[in-house]
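In what follows, a single structure is set out as structure tokens and then discussed.
The values are calculated or read from the model by the stated rules, or taken from the named source; none is laboratory data. Here the structure is a predicted model, which means the values were calculated and not measured. Cβ coordinates were reconstructed from backbone atoms using ideal geometry, including for glycine residues, and neighbour counts include every protein chain displayed.
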Amino acid sequence: MKRKTAKEILAESFRELSEKESVDRITVIEIAENCGYSSTTFYRQFSDKYDLIAWSYTQQLEEILYEFNKDPKRWKQILLNAALFYQKQQEYPGKKAAAAELMKRRW
């Protein structure tokens, strides 16, 4: 069984918090404390919460692509999974503010 990394635990903490409140209102301290970490541990892994969001999206998309590479014959199901992933990301509370900030930082 694979042990979760600090990045994975922090990302799960963020997703849990985002179900209760707007993404733009969630602080790094809340993310860290929610999973029993310090903000120092958070900043060892990510530069800010938008970096965490980008990392989390990338990881989840890599998992979808890995499934495709593993079994290309299942492309319809994998494409559906990708569409469902995209739809779920649109459901983040405060997503517009977070997406705008993320795009500014990435480009």
Answer from Lys20, Lys7, Lys73 - the residue that is part of a helix (DSSP H, G or I), under 23 Å from Lys88 (Cα atoms) and among the basic types (Lys, Arg): Lys7
Qualifying residues in the stretch 1-27 (those that are buried (at least 17 other Cβ atoms within 10 Å of the Cβ) and in contact with a helix residue (DSSP H, G or I) (Cβ under 8 Å, 6 or more places away or on another chain)) - the one nearest to Tyr57 (Cα to Cα): Ala11
Count of residues meeting criterion [more than 14 Å from the chain's Cα centre (by Cα) and β-branched (Val, Ile, Thr)] in the stretch 29-63: 3
Hey, Glu67 in a helix (DSSP H, G or I), acidic (Asp, Glu), modelled with pLDDT of 95 or more and out of contact with any Phe, Trp or Tyr (no Cβ under 9 Å at 6 or more places or on another chain) or not: no
